[in-house]
1. Going through Leu96, Leu113 one at a time, which residue ends up being assigned by TED's automatic domain parsing to the domain that holds Trp67, part of a helix (DSSP H, G or I), surrounded by 16 or more Cβ atoms within 10 Å (Cβ to Cβ) and in contact (Cβ under 8 Å) with a residue 24 or more places away in the chain?
2. Can you list residue pairs whose Cβ atoms sit under 8 Å apart, with the first residue in segment 1-26 being farther than 16 Å from Ala59 by Cβ and the second being of a type in the set (Val, Ile, Thr) and in a helix (DSSP H, G or I)? Count only pairs 6 or more apart in sequence or on different chains.
3. Failed condition for Gly124, given (1) in contact (Cβ under 8 Å) with a residue 40 or more places away in the chain; (2) at positive phi, with all others met?
4. What pairs come out if I take residues in segment 58-72 that are within 20 Å of Gly48 (Cα to Cα) and pair them with residues that are β-branched (Val, Ile, Thr) whose C-beta lies under 7 Å away, six or more apart or interchain?
5. Failed condition for Asp88, given (1) over 21 Å from Ser6 (Cα atoms); (2) part of a helix (DSSP H, G or I); (3) under 20 Å from the mean Cα position of the chain (by Cα), with all others met?
6. Which residue pairs have Cβ atoms closer than 6 Å, lie 6 or more positions apart in sequence or on different chains, and pair a first residue in segment 139-160 that is outside any helix (DSSP H, G or I) with a second residue that is modelled with pLDDT under 85 and among the aliphatic types (A, V, I, L, M)?
Amino acid sequence: MSNHTSQEFVAAVHVALAELEQIPESSGLPVADRLTAFFFLLLDQIEGLESADQAALRASFSKEAAWFTSDFHEAVRTGLSAVMNSSDVPLVNRVLADSAPARFMVAEMLVQLLSASLGDDSEGKQRSAALSDKVLAAAASVLASQIPQKTADVFRYAVEADYLPISNIPFVSDWLGMDSKSKEA
């Protein structure tokens, strides 16, 4: 039985991130493609770790990487800032998605998908690949949703038109980028 260290799993994250950035024009890819590519590159890196058998790799991953306090989980959370930075993600969503709680949830989702993939004994891992495709597509659609941006636009209009008379609160006007001239007009 081969035990893999936490650092081997962390190194897999760094390699997957580097490989993602080597994909031609990867920075212009939609978030769905970036997230999916990162996941499968990471899975390939982890499966490529030398191990006597899949059970040993799965046990090492479970022990060393699958915990939310692990160095691996932290590396995934950190790397997600770059992965989720895509032109189809509205600015409001980028701010929300790059928050610690959002990155934690996406990282945990990826770790659970990796665990499912490592434990999949179906031919060609078809079951876990299908699950991963569906979950990653759903997560990407949330990240790229226009709803938060449109909601922020409605809120901004309501404040600027004085339907919500809160523009005199300093952090509100600062957050909305309103200067004193626009408040007086």
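The values are calculated or read from the model by the stated rules, or taken from the named source; none is laboratory data. All values reported here derive from a predicted model rather than from experimental measurement. Cβ atoms come from the backbone with ideal geometry, glycine included; neighbour counts cover every protein chain shown.
1. Details: Leu96 fails: surrounded by 16 or more Cβ atoms within 10 Å (Cβ to Cβ).
Testing whether each residue is assigned by TED's automatic domain parsing to the domain that holds Trp67, part of a helix (DSSP H, G or I), surrounded by 16 or more Cβ atoms within 10 Å (Cβ to Cβ) and in contact (Cβ under 8 Å) with a residue 24 or more places away in the chain leaves just Leu113.
2. As it stands, the answer is Ala12/Ile46; Val13/Val76; Leu17/Val83; Leu20/Val83, since those pairs meet every condition given.
3. (1)
4. Correct list of pairs: Phe61/Ile46; Glu64/Thr5; Ala66/Val111; Asp71/Val10; Phe72/Val10; Phe72/Val13.
5. Here Asp88 clears every test but (2).
6. Final answer for the pair search is Ala144/Val89.
Residue by residue, here is whether (1) out of contact with any Ser or Thr (no Cβ under 6 Å at 6 or more places or on another chain); (2) surrounded by 20 or more Cβ atoms within 10 Å (Cβ to Cβ); (3) part of a helix (DSSP H, G or I); (4) not polar (S, T, N, Q) holds:
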residue: Ala11; (1), (2), (3), (4): yes, no, yes, yes
residue: Ala16; (1), (2), (3), (4): yes, yes, yes, yes
residue: Pro24; (1), (2), (3), (4): yes, no, no, yes
residue: Ala32; (1), (2), (3), (4): yes, no, yes, yes
residue: Leu42; (1), (2), (3), (4): yes, yes, yes, yes
residue: Gln45; (1), (2), (3), (4): yes, no, yes, no
residue: Leu49; (1), (2), (3), (4): yes, no, no, yes
residue: Phe61; (1), (2), (3), (4): yes, yes, yes, yes
